[in-house]
1. If I take R0 = 25 Å and measure r between the Cβ atoms of D32 and T77 in this structure, what FRET efficiency does the formula 1/(1 + (r/R0)^6) give, to the nearest 0.05?
2. Which value in nm describes the separation of the simple spin-label points at L61 and L23, placed 7 Å from the Cα toward the beta carbon?
Amino acid sequence: YPGTERAVSRIGRMRRTMYSDGLWDTAPRDADSGTLVDTAYTNMELLPHTDCSYYRDPPGLQFFNCAATADDDGGATWLGDGFAV
């Protein structure tokens, strides 16, 4: 995702995490079949929540790169302002 890396680096530096030194694919896959096994990769609604809040120093900003659009009625995104909640 070189375009995403360039855009993010214009705002700030990417943090090293337990996953990688930069961007990573967070899609959890079944070890045997390679099938995606996370509700984030279905068309089920995901209510507002926080990601990586278990880090000692959680991210202030997260960027999500949509590699492909939804084939059906899924794909809507809910964003919330944590300071306003």
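1. Values: r = 31 Å, r/R0 = 1.24.
After rounding to 0.05, the efficiency reads 0.20.
2. Label at L61, label at L23, 1.5 nm between them.
No value in this document is a laboratory result; all are computed from the given coordinates. This one's a predicted model, so the numbers in the text were calculated from it and none came from an experiment. Don't worry about glycine lacking a Cβ; one is built from the backbone with ideal geometry, like all the others, and counts go over all protein chains shown.
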